[in-house]
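The values are calculated or read from the model by the stated rules, or taken from the named source; none is laboratory data. What you see is a predicted model, and the numbers here were worked out from it, not measured in a lab. All Cβ positions, glycine included, derive from the backbone under ideal geometry; neighbour counts span all protein chains shown.
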């Protein structure tokens, strides 16, 4: 197979599955690890994909890549890196903490894995996260209200005013994208005030960002990346991106890939 043909098949794979690892390339095309890395380097230099530590992601247009609605059916499609990030986030909890838990898949996994021996007060703007927390005797829940969006979350001025009356020990948040230059970003302007109110109300701000969200930009910048005290990410996040965040004073924790 010609190298150009192999490169096109790598791009086709990315377009279909959203991620390709060096292991995938070695197995699919029967080439060495060094050759697989070289293929990804060449395609990255041509700006046809984005390399990560163990593979590559497709390039995204600004604003593309919005997560699906957080229905129970959608959210149970487990992504292992999201799950491991959520477990690391849970390990940061301490007895009697007052915390905010983000909406979306990683927030849902956090809620599912809160230990029964910790007493917590949890604030969330997601009815899906709140419904999971409602089952726990050791957790008291404040659900931020307002006009609900199509994913079961509230970000409007009512929710923002509620946040301004609260204080958190820890805020666990995520967004559509994060980059060192454009900061924390989203597709919609409606959530800007809400996110900034959360950050202002928190003693510690912890970003939960899988590789799929790092190094990209969405339409609207909420705030600089350095508003985060800590970023938790996964084993495949690109080293060059993480170095840029560290240079801004953000602590980085990388969760390890579970053993097969």
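Quick one: which residue in 3, 25, 42 is modelled with pLDDT of 90 or more, surrounded by fewer than 16 Cβ atoms within 10 Å (Cβ to Cβ) and over 30 Å from residue 130 (Cα atoms)?
42
Which members of segment 191-209 meet the condition of being surrounded by fewer than 23 Cβ atoms within 10 Å (Cβ to Cβ) and part of a loop (DSSP other than H, G, I, E, B)?
Of everything in segment 191-209, just one residue is surrounded by fewer than 23 Cβ atoms within 10 Å (Cβ to Cβ) and part of a loop (DSSP other than H, G, I, E, B), namely 201.
Here are some conditions: (1) part of a strand (DSSP E or B); (2) over 16 Å from residue 172 (Cα atoms); (3) without any contact (Cβ under 8 Å) to a residue 24 or more places away in the chain. Residue 252 meets all but one. Which one does it not meet?
With respect to (1) part of a strand (DSSP E or B); (2) over 16 Å from residue 172 (Cα atoms); (3) without any contact (Cβ under 8 Å) to a residue 24 or more places away in the chain, residue 252 is out only on (2).
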